[in-house]
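What follows is one structure encoded as structure tokens, with my remarks underneath.
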Amino acid sequence: MAGSRPPMAPPEPPRETAGDPSLGELAEAGAYPTAAQGFEHGLVVLAMGRPYWLVQADNGFRLLVEPQALEAVRDELACFDRESVGWPPPPSAEGPLRRFELATPLLWALLLMAVYCAQGFMPGRLEDAGTLDAQAVFDRGEWWRLATALFLHADLGHLVSNLLSGIFVFSAVLSTIGRRRGWLLLAFASATGNLAVAALNYPGPYRSLGASTAIFAGLGLLTGRAIRAVQWAGRPHRWQAVFAPLAAGVTLLGLFGAGGLHIDVGAHSTGFAAGLIWGFAGGISRQEAAFTRERQP
């Protein structure tokens with residue numbers, strides 16, 4: 001037909017391998033049982049700016065390189081293998097993942113709001129009976145104040161601040177440690193923190209109320225548990241890794257636990273310290289500890 005074009009010639013075969021040497025001209029830099037391991041070590045060769053060939057053999061895969069690069073490649077691969085010992089690291093003491101826990105912290109928040117409403121109906125009576133009072137605790141044996149003070153608040157702003165931060169911190173504690181163990185440790189750490197701050201101020205007229213001691217106890221629990229997990233991980237230089245969770249916890253304590261006219265720095269500090277101790281001592285269950293030991297290399 002007039003004006004038709006002649007058929008196009010088929011494309012030439014690719015020539016990328018035209019200059020490649022035959023396998024007999026290559027030198028073996030290593031042998032690996034799986035293709036993935038061979039490819040991983042081949043990336044080391046590529047990082048040196050050298051080509052490599054991965055050839056399947058009877059007992060695995062052979063990594064071949066140019067003969068003139070053999071010595072340098074073997075040195076680099078040996079260095080890579082030394083640095084890869086123990087990697088990836090074993091999992092820390094976690095065990096099966098837990099579901100995010102929000103229901104019981106919300107119930108705790110509702111309880112605090114109910115107590116605050118009761119404070120409005122009975123002005124001064126609940127505060128007089130339940131506020132943490134160092135002299136009442138040690139002179140008259142009113143030990144219940146160590147717990148009841150955690151549910152009383154001076155004003156609405158005080159309550160709202162503790163509600164928001166408490167829901168967040170308690171959810172993190174319970175999701176990490178578990179509901180039953182988490183609440184138990186929170187109770188112990190909070191009461192211990194209140195006992196410590198009362199003892200430090202006795203025989204003076206020290207009085208305090210609010211849930212912030214429990215909130216900082218929760219932060220201490222998370223920090224103490226993280227330190228314990230690092231200790232049990234069985235990794236070299238583990239005590240250097242302890243510094244990370246400890247520094248994070250102390251930093252948060254400094255940012256949110258100090259400063260302000262009505263901030264009880266002593267209660268925040270003793271709550272955090274008590275949580276740190278309880279979290280280190282009981283933040284990891286026996287099942288999690290056994291899980292960690294089974295995973296040790």
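The values are calculated or read from the model by the stated rules, or taken from the named source; none is laboratory data. Since the model is a prediction, treat every value here as computed from it, not as a measurement. Every residue, glycine among them, receives a Cβ derived from its backbone with ideal geometry; neighbour counts consider all protein chains shown.
Checked against the criterion of being buried (at least 21 other Cβ atoms within 10 Å of the Cβ) and under 13 Å from residue 271 (Cα atoms), the candidates 210, 182 yield just one match: 210.
Every listed requirement among (1) modelled with pLDDT of 90 or more; (2) within 29 Å of residue 281 (Cβ to Cβ); (3) of a type in the set (Gly, Ala, Ser) is met by residue 114 save one, (2).
Here is a yes/no grid of residues against (1) surrounded by 14 or more Cβ atoms within 10 Å (Cβ to Cβ); (2) at pLDDT 95 or above:
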position: 101; (1), (2): yes, no
position: 110; (1), (2): no, yes
position: 119; (1), (2): yes, no
position: 122; (1), (2): no, no
position: 130; (1), (2): yes, no
position: 151; (1), (2): yes, yes
position: 155; (1), (2): no, no
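For segment 26-52, a residue qualifies if it is exposed (fewer than 14 other Cβ atoms within 10 Å of the Cβ), in a loop (DSSP other than H, G, I, E, B) and touching a strand residue (DSSP E or B) at 6+ places or on another chain (Cβ under 9 Å), and the qualifying residues are 33, 34. Scanning segment 157-167 for residues that are touching a residue at least 60 places away in the same chain (Cβ under 8 Å) and surrounded by fewer than 19 Cβ atoms within 10 Å (Cβ to Cβ), we see that the one that is farthest from residue 103 (Cα to Cα) is 158. Restricting attention to segment 276-297, and to residues there that are of a type outside the set (A, V, I, L, M, F, W, C) and within 13 Å of residue 177 (Cα to Cα), which single residue is modelled with the highest pLDDT? Per the stated criteria, the residue is 279.
Counting only helices (runs of 4 or more DSSP H) that sit completely within segment 95-159, those holding 1 or more residues that are more than 25 Å from residue 181 (Cα to Cα) correspond to 103-121, 125-130, 134-140.
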